[in-house]
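Asks: Can you read through this structure? Questions will come right after.
The values are calculated or read from the model by the stated rules, or taken from the named source; none is laboratory data. What you see is a predicted model; the values in this text were computed from it and never measured. Cβ atoms come from the backbone with ideal geometry, glycine included; neighbour counts cover every protein chain shown. Surface accessibility is based on the protein's heavy atoms, side chains included, excluding ligands, DNA and RNA. Shrake-Rupley method; radii C 1.70, N 1.55, O 1.52, S 1.80 Å.
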Amino acid sequence: LIRGNHLPSISPSASMSNSPVFAPSRSSPTNGTLSVKRECNQILEVEKPGKFTEVQVGIYELLMQSYTAEFGFMVSTPQIVTTCEVITQELAGGRRLLSRLLQTPKTLLIMKFTMEYESRYEYDVEDYPRQFQTYINSNLEQVTADMNSRFLPVTNAQEVIIFNTNEPTASPSSENFLLSPSDSPVKKTEEPNNGGSTLNSLFSRSMGRNLLFACASAYSSLLLM
């Protein structure tokens, strides 16, 4: 019984109340890494027959990497990380490759190396190998001087050749995504499953023709008797 104006106190509900559901907040997008790698060749005229030592190879690689700040966005590490790696070096036959006009024997060292450009700061480096090639080939005298100042036995640095064998490793877009055979939009044309009925039809037609021919032959024989 309720006495007076006092209302019974409401006890807390035993069931758990549903907490409000909020949509997850969007975090700042993570910038993807874009990298491009190309194989290169460069012929160097050297003072005497002989390949670069390990230390000289390291100097050559660092020099090629240092030119990144001279073209494109004019930035280097950490915005754009450049890696040069010498794959092979080979001495060419100087007298077989000498210039016929000058008739001067040359000792040539063929450098085969890779140039890789990587960026995580939204710098588009897809065209950097070509820009590297353009910069080197347009400043061969300066490149030769840079090699000499770093004690590389080079008398003349020749042009760099880029081989476009590797594509940028950016995430594939929906436009150039390669479909698997099962995802191909081309519908397969299924052969009708009526091989048995087709054969039966052909057989019936053949038997009908033979029967008509036999009846006609028998009728002709009766007329001639």
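Asks: Just one of the numbered conditions (1) open to solvent by less than 60 Å² (accessible area, probe 1.4 Å); (2) modelled with pLDDT under 95 is not true of residue 66; which one?
Replies: (2)
Asks: Suppose the filter is at pLDDT 95 or above and assigned to a helix (DSSP H, G or I); does residue 89 pass it?
Replies: When the stated conditions are applied, residue 89 does not pass them.
Asks: Same structure again: Kindly list the number of the only condition in (1) at pLDDT below 95; (2) in a loop (DSSP other than H, G, I, E, B); (3) surrounded by fewer than 15 Cβ atoms within 10 Å (Cβ to Cβ) that fails for residue 94.
Replies: (3)
Asks: Hey, among 22, 73, which residue is at pLDDT 95 or above and either out of contact with any Gly (no Cβ under 6 Å at 6 or more places or on another chain) or not β-branched (Val, Ile, Thr) (or both)?
Replies: It is 73.
Asks: Can I ask one more? Mind counting the residues in region 41-63 that are open to solvent by 60 Å² or more (accessible area, probe 1.4 Å) and assigned to a loop (DSSP other than H, G, I, E, B)?
Replies: 5
Asks: Restricting attention to region 145-177, report how many residues are in contact with a Gly (Cβ under 9 Å, 6 or more places away or on another chain), of a type in the set (Gly, Ala, Ser) and modelled with pLDDT of 95 or more.
Replies: So the answer is 0.
Asks: Shifting gears a bit: Go through region 69-83 and give me each residue that's open to solvent by 50 Å² or more (accessible area, probe 1.4 Å) and in a helix (DSSP H, G or I).
Replies: Selection gives 70 alone.
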